[in-house]
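First up is the structure itself, then whatever we jot down about it.
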Amino acid sequence: MPFAASASDSASASTPPAQRIGIVGGGQLAWMMAAGAQKLGLDLIVQTPSLGDPAAAIASEVVLAAVDDATATAELATQCDLITFENEFIDLPALEKLAEQGVEFYPSLTALKPLLDKYEQRTYLQKIGLPTPRFTALDTQADQPQLAAKVADLGLPLVLKTRRHGYDGQGTFILQTLADVEKTWQQLNYAPVLLEEFIPFERELAIMVARSRLKDVIAFPVVETQQIDQVCRHVIASAKVDLTVAEAVGEIARTLMDSLQAVGVFGIELFLTSAGQVLVNEIAPRTHNSGHYSLDACRTSQFEQQLRAVSGLPLGSPAMTCQQAVMVNLLGYEQATHDYREQRQRLSQIPHAHVYWYGKAESRPGRKLGHVTVLLGVDGHVSDRTAEAVIAQVEAIWYPT
């Protein structure tokens, strides 16, 4: 259930909204901001390493550089009113020097700092009283003598995660034995890792939440996410959960955003246990795959909401405009250069389907090439299709038999 909590700052409200928005990162998340930017009359200036990256095609201007190139971000700052982020693979200390010189970042670097390292993120969540799986850390090879005791404390199986730069299942391992943990950590060259207890969850949930420069907080509906090999395959919006669960998720979202004093849209991934307990899995301090359905199923998409939040505009309504929505990621299943035009054409013929193709030149197994959202129960009608049937239909078209 979406919520709104208003605590507007009159001084902030008097500040004219920004017009030129800088974005660090040029992937599909920035690319999907195009419609919102056009609607709001904003210019997007993108820092990305290649003109072949999705957002380069929709940007007013492009700064060609790696995401963690702070010198390029300084150049980006000269071309825009403020800077936001499409991903968190940044050089935070270098950006802090720019912030000291007056460059405005939303969310602030102070809000990002406790979230970029997965262990530090968990420690922060624990500090502000949010429920998470039990966890510990391994910092260097010098911690090897403590490994067996830490694994015994968490129990097996357990989850090992690299603490930086993991996404779409990369850097996440579900391990069954102490030997598996030792071997995997060795293969990671004893890099800093997070160890956490394995949660035999009933379902995985997520929520997108926005907090504006005016301090208003608005959340989108709670959704169910379905992962295969630690990569999101499907999102069902909204999730069929008890009111108590929805309220618990909403309270987590409010607490996090207000504690961080965050500005922008954040994605919160959660576990729902068989006992009805909600645990925070991970925080994404940006727009997120679990909110893509909002482009077609909500009055305000997560991407427009991000632009509203950081630019100083009022937040929009996150209410859904249909009974339910299903988002299916179109993942690569082969190493190829292919635009899959025939499959995309067939997907577009599904009733109330919206197909998004990110324009990536190369396919590889697990790579997110696009997504399709199918709306159920449009214009007040009750749908005769189930989410599961839609997922099966989409995947039968997309994946080879």
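For T321, the residues whose amide H sits under 5 Å from its own are C298, R299, ignoring neighbours fewer than 5 places away on the same chain, with H placed 1.01 Å from N.
Spin-label model, A389/K183: points 7 Å from Cα along the beta carbon direction are separated by 4.5 nm.
Extension gain, E120-T244: 0.36 nm per intervening residue step, less the Cα-Cα distance, totals 41.8 nm.
Could you size up the charge dipole of the range 31-163 around its Cα centre, putting +1 on the beta carbon of Lys and Arg and -1 on that of Asp and Glu, and report it in debye to the nearest 20? Numbers along the way, then the final one.
Numbers: 10 positive and 18 negative charges, 161 e Å.
My answer is approximately 780 debye.
The antiparallel fraction among DSSP beta bridges confined to the chain stands at about 80%.
Per residue, the chain reaches -8000 deg cm²/dmol at 222 nm when only DSSP H runs of four or more residues are counted, each adding -39500 (n - 2.57).
Suppose we look only past 18 Å in the calculated P(r) of the range 235-315. What percent of the Cα-Cα pairs does that tail hold? Present the calculation step by step, with values, prior to reporting the outcome.
Working: 1548 of 3240 pairs.
Pairs farther apart than 18 Å: 48 percent.
With a cut-off of 8 Å between alpha carbons and a minimum separation of six or more residues, what is the relative contact order of the range 120-227 in percent? Spell out each step's value before the answer.
Values: 139 pairs, mean separation 28.4, N = 108.
Once normalised by length, the contact order is 26 percent.
Each principal axis of the Cα atoms in the range 152-235 has its own extent, and those three values, largest first, are 49, 29, 25 angstrom. Once the chain from Q38 to Y333 is taken as fully extended at 0.36 nm per residue, the excess over their C-alpha distance is 102.8 nm.
When the charge dipole of the chain is built from unit charges on Cβ atoms (+1 for Lys and Arg, -1 for Asp and Glu) and taken about the Cα centre, the candidate among H371, V193, G129 whose Cα reaches farthest toward its positive end is H371. Look at the alpha carbon pairs under 8 Å that are at least 6 residues apart: their mean separation over the length of the chain gives a relative contact order of 15 percent.
Could you calculate, for the chain, the ratio of the Cα radius of gyration to the Kirkwood radius, expressed as Rg to Rh?
Numbers: Rg = 20.9 Å, Rh = 21.9 Å.
Taking Rh as the inverse mean 1/r over Cα pairs, Rg/Rh reads 0.95.
Taking a ≥ b ≥ c as the square roots of the Cα gyration tensor eigenvalues, with a/c under 1.5 meaning rounded and otherwise prolate when a/b beats b/c, else oblate, which class fits the range 264-394? Verdict is rounded for the range 264-394.
Report the gain in length on full extension from L51 to E100: 0.36 nm times residue separation, minus Cα-Cα distance, nm rounded to one decimal. All intermediate terms of the calculation are to be shown ahead of the outcome.
On the way: separation 49, 0.36 × 49 = 17.64 nm, distance 3.03 nm.
Net length gain for the segment: 14.6 nm.
Averaged per residue, the range 308-360 has 44 square angstrom of accessible surface, using a 1.4 angstrom probe with ligands and nucleic acids left out. Between V280, V223, V159, the Gaussian network model of the chain with springs among Cα atoms under 10 angstrom shows the greatest mean-square fluctuation at V159.
Place a point 7 Å from the Cα of A361 along the Cα-to-Cβ direction; which residues of the range 323-346 have their backbone N under 12 Å from it? Residues 337-338 fall inside that zone.
If R0 equals 35 Å, the separation of the Cβ atoms of H165 and I350 corresponds to a calculated FRET efficiency of about 0.50. Computed with a 1.4 Å probe over protein heavy atoms only, the accessible surface of the range 41-183 comes to 46 Å² per residue. Shown for the chain: the carbon plus sulfur share of the solvent-accessible area, taken with all protein chains present and a 1.4 angstrom probe, equals 50%.
Would you mind working out the magnitude of the charge dipole of the chain relative to its Cα centre, with +1 at each Lys and Arg C-beta and -1 at each Asp and Glu C-beta, to the nearest 20 Debye? Don't jump to the answer; show the numbers that get you there.
Working: 31 positive and 45 negative charges, 76 e Å.
It comes to approximately 360 debye.
The values are calculated or read from the model by the stated rules, or taken from the named source; none is laboratory data. This one's a predicted model, so the numbers in the text were calculated from it and none came from an experiment. Note that we place each Cβ from the backbone using ideal geometry, even for glycine, and neighbour counts take in every protein chain shown. Surface areas here come from the heavy atoms of the whole protein model, side chains and all, with no ligands, DNA or RNA. Shrake-Rupley method; radii C 1.70, N 1.55, O 1.52, S 1.80 Å.
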